[in-house]
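For reference, the structure is listed below as structure tokens.
Values in this text are rule-based calculations from the coordinates and carry no lab data. Source: prediction; values computed, not measured. So basically every Cβ, Gly included, is an ideal-geometry build from the backbone, and we count neighbours across all protein chains shown.
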Amino acid sequence: MAHACRPILAGYPIDPQCGSDPTDAGLLHLTGEMLADVPSDEYDETARADLVNALRTELAGVPAFTTEVCPPIGNIAGAVLDVWPEADTVALIERIRTAIRTTRGDEALVHSGGRPHISLGYSYGSASSDPLNSELRNKVVPRRAPLFIDRVHLLDVAWTLDEELSGWRMTWEPVAEIPLGC
């Protein structure tokens, strides 16, 4: 589904996070939570290890599961695939939040990602979403796709100004991978 969206998104001010190949699905992700108490460079190895251990403990009883992503939609932030049914995903996010509260406190939880979704790309300018959504609706089939969730990645995320885009670009470095149910 993401591959089918790429050529359509190319005509809009949406950074698909996929590099130079517009057919590349790119760095698709479903954000579980963001740590917002301090910048990531202020987390020392002990703080990172504590968080990884808390995530492993909290997620040990969560089995892998399959849900779906729904049709793509353009919005003010870019383009997304909503996750539905969302009950298992929301429960997983709450477990992630519990692990963060345990190690970092409530002050680390200031983010609200809204409905669970996978970002296809982020806006760096403005355009009407009406023609974008019409193209996505008419050209992207199938309208749903299975999504298998079997792990959580802890990432060090950075936003950098990309002068070529005249906008911000997200990049990340892996910190840890936590399999579900282990």
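Some observations on this one:
- Once the Cα atoms are used to define both axes, helix 129-139 deviates from the longest principal axis of the chain by about 80 degrees.
- Over the chain, the hull volume per residue, using the convex hull of the C-alpha atoms, is 117 Å³.
- Burial ranking of peptide ranges 63-70, 74-81 (average Cβ count within 10 Å, highest at the top): 74-81, 63-70
- 19 Å reach of a label modelled at residue 127, 7 Å along Cα-to-Cβ, counting backbone N of the stretch 138-182: 138-141, 162-170
- Residues within the reach of a label modelled at residue 182 (point 7 angstrom out along Cα to beta-carbon, backbone nitrogen below 11 Å), restricted to the stretch 151-165, are 151-152.
- Listed residues 16, 146, 71, most fluctuating in the chain (Gaussian network, C-alpha, under 10 Å): 146
- Theoretical gain in end-to-end length, residue 53 to residue 90 [0.36 nm per residue, Cα-Cα removed]: 11.2 nm
- Note: relative contact order over the chain, using C-alpha pairs below 8 Å and six or more positions apart, is 32 percent.
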